[in-house]
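Worksheet: one structure, shown below.
The values are calculated or read from the model by the stated rules, or taken from the named source; none is laboratory data. Just so you know, these numbers come straight off a predicted model, no measurement behind them. Heads up, the Cβs are rebuilt from the backbone with ideal geometry, glycines too, and the neighbour counts pull from every protein chain shown. These accessible areas exclude ligands, DNA and RNA; they are computed on the full protein's heavy atoms, side chains included. Shrake-Rupley method; radii C 1.70, N 1.55, O 1.52, S 1.80 Å.
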Amino acid sequence: SKRASSNSRLEILAGIYAEKAADHHVIKFAHMEIAPPSIEDGIRAFCDEGITDVVCHPYFLSPGRHVLEDIPDLIEDAVTTMKSSGGAAVADLNVRTTEPVGSNMELMVGLISKMVGETLGEDEDEGYDPGFVKKKSRDMGALGGFFGEVQRMVDE
């Protein structure tokens with residue numbers, strides 16, 4: 001990103017994840033473009049530490065062009081460049097990519113519902129149900145999910 005605060009947020013998120021990850025996981029962050037470290041820099045840093053099995057997690061909500069094309073291309077270019085320059089660790093390098101963070105719809109709906117509940121000042125411990133609002137039969141005006149929470153607030 002061109003915004004330093006966005007780039008800093010990714011670094012902070014990686015740090016928090018590193019604290020919670022298994023001890024044998026080494027966590028680093030990288031950017032696609034503009035800000036360092038680049039994806040190639042990140043992969044190279046793993047290789048420098050002798051780590052040859054790398055999992056890239058694209059921090060995006062949807063599987064759009066960046067996730068489906070740009071990131072795989074950047075990884076492939078980095079691996080090709082590194083393998084052509086040689087080195088023992090690089091020869092065994094394997095980079096895999098997860099689905100983007102937003103691909104788990106159930107998790108995303110739960111997070112959205114929780115955030116809407118927090119915005120409305122509803123406390124889960126006081127009976128707030130973060131699930132879906134039941135739609136009345138033939139009531140085309142009723143909304144489900146987090147939109148239902150907003151509709152319920154408007155109706156009150």
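Once the Cα-Cα distance is subtracted from the 0.36 nm per residue extended length, the R96 to E118 segment shows a gain of 4.4 nm. Looking at region 27-74, the accessible area is 59 square angstrom per residue; that uses a 1.4 Å probe and ignores ligands, DNA and RNA. A simple spin-label model places the labels of E69 and S5 3.1 nm from each other, with each point 7 Å out along Cα-to-Cβ. Which shape class applies to region 1-48: rounded if a/c is under 1.5, otherwise prolate when a/b exceeds b/c and oblate if not, where a ≥ b ≥ c are the square roots of the Cα gyration tensor eigenvalues? Because a/c hits 1.5 or more and a/b fails to exceed b/c, region 1-48 counts as oblate.
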